[in-house]
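All of the numbers you see were taken from the coordinates with simple rules; none came from a lab. All values reported here derive from a predicted model rather than from experimental measurement.
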Amino acid sequence: MKLLFKQRFFSWFDSYDIYDEAGNTVYTVKGQLSWGHCLKIFDAYGVEMGTVKERIFTFLPKFELYLGEQYIGCISKEFAFFKPKYNIDCNGWRIEGNWLEWDYTIQGPTGSRVAVITKEIWNWTDTYVIDVMEPRDALCALMFVLAIDAEKCSRN
């Protein structure tokens, strides 16, 4: 299952549209006014599915992940010199990728691929392709991409 993650060009807060391979809207992400990033994920019918919320007052960026109101884990940046590194406390997953954080792989606890994320660089806004191996993992994979993108935005 492939998802196309596109940031909206004109929006006051972070806003994204996520499409399937046929161009149908699967999710809409809307930034909320808060200290730090707070991104709410809605399905195509407007039902809230999850939240990515930045924890503030931490030495390195940390994002909490929620499915509905239920906390499912977090992703935090680790101190590293040349290659960005993230610590994930969710589903036993880990991230492997390049130093630009544009292309990376989410791997499961056994080393199997959960999703492959690639950035399309010739667009006006942030655009990623999320290739998810199992459709049931799409929402969690999207949350990881949102957290990493938000961390990069905070850094810049």
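So here's what we get for this one:
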| read-out | value |
| --- | --- |
| Added length on full extension, which subtracts the Cα-Cα distance from 0.36 nm per residue, residue 78 to residue 60 | 5.8 nm |
| Unsatisfied cross-links (Cα-Cα over 23 Å) in the set 6/30; 53/77; 30/85; 2/85 | 30/85; 2/85 |
| Net length gained if the chain between residue 85 and residue 1 were fully extended (0.36 nm per residue, minus Cα distance) | 27.6 nm |
| Extension gain from residue 30 to residue 122, taking 0.36 nm per residue of separation minus the Cα-Cα distance | 30.8 nm |
